[in-house]
1. Counting only Cα atoms, I'd like the Rg/Rh figure for the stretch 1-77, Kirkwood definition for Rh.
2. Using DSSP to call loops (not H, G, I, E or B), can you name the trypsin sites (Lys or Arg not before Pro) in the stretch 1-74 whose Cβ has at most 12 other Cβ atoms within 10 angstrom?
3. Loop only per DSSP, at most 15 neighbouring Cβ atoms within 10 Å: give me the trypsin sites (Lys or Arg not before Pro) in the stretch 90-164, ordered by residue number.
4. Taking amide H atoms as placed 1.01 Å from N in the peptide plane, list the residues 5 or more away in sequence, or in a different chain, whose amide H sits under 5 Å from that of Val144.
5. Compute, for His128, the solvent-accessible surface of its heavy atoms (probe 1.4 Å) with the complete set of protein chains present, and express it in square angstrom to the nearest 10.
6. Report Asp80's accessible area, 1.4 Å probe, all protein chains in place, as a number in Å² to the nearest 10.
7. Which of the GluC sites (Glu not before Pro) found in the stretch 95-138 are in a DSSP loop and have at most 16 neighbouring Cβ atoms, other than their own, within 10 Å?
8. Just the ratio, please: alpha-carbon radius of gyration of the chain over 2.2 N^0.38 Å, N its number of residues.
Amino acid sequence: MSDTVGTDMVVGLEYVLKLGDGQEIDRSNEGDPLEYLHGHRNIIPGLESELEGMKVGESKEVAVSPADAYGEHDPDDVEDHPRSVFPPELDLRVNGMLEIRDPANPGGTQAAMITAVTDETVTLDFNHPLAGETLHFSVKIASVRAASDEEKAHGHAHGAHGHH
Ligand code: ZN
């Protein structure tokens, strides 16, 4: 059905995203739903599977567990580094973000959050900022249309915002 969310359909999605404590962290722009190509892993898998089969105009509350969102928080990805390896002028604040050169990917960087600073060590958390969080989505299907051949070949939607 052309009004039903399924594979190879471009879906216009209105959403509000909150954490378990009720803090709102993201929402679609007013009157400008997020457009994505369904079935191509363009959104987190736990949300995509819940949207499957919904029709235009339908709303739903979806809770996505960490395993189906940004993963569990992995303590092995929290590392202590000697304070001395950081340039002295660098502003090292708890909850600040750093870009660290990635040894496994020359030229690439990894984002890390500073979780503790002492005179001796700086503790960096390389987990995704939303790791370990259950995500609470309020969603509404604003539109559904069949994807073009080009969109299917690219694996993403080409919306009013031009090609990307
Ligand atoms: Zn494209």
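The values are calculated or read from the model by the stated rules, or taken from the named source; none is laboratory data. Keep in mind that what you see is a predicted model, and the values were worked out from it rather than measured. For neighbour counting, all protein chains shown are included, and Cβ atoms are generated from backbone atoms with ideal geometry for every residue, glycine included. Surface accessibility is based on the protein's heavy atoms, side chains included, excluding ligands, DNA and RNA. Shrake-Rupley method; radii C 1.70, N 1.55, O 1.52, S 1.80 Å.
1. Radius of gyration relative to Kirkwood radius: 1.00.
2. Arg41
3. Arg93
4. Amide H neighbours of Val144, under 5 Å, 5+ apart: Gly12.
5. Accessible area, nearest 10 Å²: 80 Å².
6. Per-residue accessible area (Asp80): approximately 100 Å².
7. Passing both the DSSP loop test and the Cβ count: Glu120.
8. 1.30
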